[in-house]
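Notes follow the structure.
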Amino acid sequence: MSNYFRQYIRAVENPLPEMAEYFDKENFYLKNYVTPDSVILDVGCGNGRTMKFLAPYAKTVIGVDYDKKMIAAAGNNLSRFDNAKVIYCDFFHYQFKKMFDLSLASYNLLGSSELDPRRRPLLLQNMLECTKPGKHIVLSVWSDQGIEFANKYYPHIGIRVKKIEGNDVVTDHGIFKRFTKDELNHLAVATGREFQLLELTDIFYLLDLKA
Ligand SMILES: C[S@@+](CC[C@H](N)C(=O)[O-])C[C@H]1O[C@@H](n2cnc3c(N)ncnc32)[C@H](O)[C@@H]1O
């Protein structure tokens with residue numbers, strides 16, 4: 001992900017209106033689950049964008065990321081929050097047992113070029129295992145409905161789109177997947193949990209599962 005760091009920072013610090021809408025809507029959706037007692041996990045926290053929004057409303061916010069640059073950026077971004085902590089680790093090698101009131105993985109971690117598609121069910125499973133029974137895990141992913149937005153989004157952050165193949169956007173920084181509702185349904189049903197699939201904006205789906 002290191003090569004992608006600069007582009008990611010551009011995307012979150014200078015978002016296109018469509019992205020700003022997604023960030024806002026997702027933040028406010030997540031905030032509905034947060035109380036002053038909440039302990040929150042952000043998987044693949046990046047520069048701490050979501051943690052920074054949620055920290056004032058929560059007891060503790062923990063972010064994990066396996067990219068050192070992201071962890072450093074998150075550390076700077078969150079320096080004024082005593083209740084925010086970032087951990088440099090691969091989420092798949094870290095076990096937090098049933099300790100979170102909300103676990104999230106935003107901005108298409110599920111469909112990222114770094115995540116082997118065979119590990120998608122495992123990402124959901126590990127997040128469920130980290131989360132207290134009855135509490136929620138929330139993941140957001142690029143939607144198939146908004147795939148054309150790729151032609152605007154990637155050039156804006158300095159990434160070249162080589163082609164769009166089915167629901168995959170092939171770029172000079174790897175392949176970024178778009179999900180169909182059916183694919184998300186399939187993943188969610190396999191967990192055996194209650195879930196909701198939401199379209200908060202035209203470009204992202206949000207999957208909300210009860211642990
Ligand atoms: C698209 S960025 C999203 C960052 C942030 N959640 C946001 O919404 O702004 C995905 C992040 O997940 C991290 N990541 C990917 N796989 C990971 C893993 N297995 N363990 C920890 N972090 C991971 C990447 O380093 C990257 O920072």
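Worth pointing out:
- Count of the range 36-48 residues which are in contact (Cβ under 8 Å) with a residue 40 or more places away in the chain and either acidic (Asp, Glu) or outside any strand (DSSP E or B) (or both): 6
- Within the range 98-124, if we keep just the residues that are within 18 Å of Ser140 (Cβ to Cβ) and in a loop (DSSP other than H, G, I, E, B), the residue that is modelled with the lowest pLDDT turns out to be Ser113.
- Screening Val169, Val189, Val138 for residues that are outside any loop (DSSP other than H, G, I, E, B), touching an Asp or Glu at 6+ places or on another chain (Cβ under 8 Å) and of a type in the set (A, V, I, L, M, F, W, C) leaves exactly one candidate, Val138.
- Evaluation of Thr201 against (1) among the β-branched types (Val, Ile, Thr); (2) surrounded by 15 or more Cβ atoms within 10 Å (Cβ to Cβ); (3) in a strand (DSSP E or B) (one fails), failing number: (3)
- Of the residues Asn32, Asn77, the single one that is over 16 Å from the mean Cα position of the chain (by Cα) and within 17 Å of Val138 (Cα to Cα) is Asn32.
- Considering the range 83-101, and only residues there that are within 13 Å of the ligand (Cβ to nearest atom) and aliphatic (A, V, I, L, M), the residue that is surrounded by the most Cβ atoms within 10 Å (Cβ to Cβ) turns out to be Val86.
- Put simply, of Ile71, Ile62 the only residue that is within 13 Å of the ligand (Cβ to nearest atom) and part of a helix (DSSP H, G or I) is Ile71.
- Test: residue in the range 5-22 that is within 10 Å of the ligand (Cβ to nearest atom) and among the hydroxyl-bearing types (Ser, Thr, Tyr): yes
- Checking each residue in the range 46-90 for being in contact with a Leu (Cβ under 9 Å, 6 or more places away or on another chain), closer than 18 Å to Cys130 by Cβ and of a type in the set (A, V, I, L, M, F, W, C) picks out Met51, Leu54, Ala58, Val61, Ile62, Val64, Ala84, Val86.
- Of the residues screened, Lys31 is one that is surrounded by fewer than 20 Cβ atoms within 10 Å (Cβ to Cβ), within 29 Å of Pro133 (Cβ to Cβ) and modelled with pLDDT of 95 or more.
- Entry remark, the range 81-94: residues being assigned to a loop (DSSP other than H, G, I, E, B) and either among the hydroxyl-bearing types (Ser, Thr, Tyr) or closer than 18 Å to Val138 by Cα (or both) number 1 in total.
- Single residue of Asp168, Asp144, Asp172 found to be surrounded by fewer than 12 Cβ atoms within 10 Å (Cβ to Cβ) and either more than 22 Å from Asn27 (Cβ to Cβ) or among the hydrophobic types (A, V, I, L, M, F, W, C) (or both): Asp172
- The one condition in (1) farther than 17 Å from Phe176 by Cβ; (2) more than 8 Å from the ligand (Cβ to nearest atom); (3) at pLDDT 95 or above; (4) touching a strand residue (DSSP E or B) at 6+ places or on another chain (Cβ under 7 Å) that Lys52 fails to fulfil: (4)
- Taking the range 72-82 as the range and being without any contact (Cβ under 8 Å) to a residue 60 or more places away in the chain and surrounded by 16 or more Cβ atoms within 10 Å (Cβ to Cβ) as the test, the residues that pass are Ala74, Gly75, Asn77, Leu78, Phe81.
The values are calculated or read from the model by the stated rules, or taken from the named source; none is laboratory data. As the structure is a prediction and not an experimental result, all values here were calculated from the model. Cβ atoms come from the backbone with ideal geometry, glycine included; neighbour counts cover every protein chain shown.
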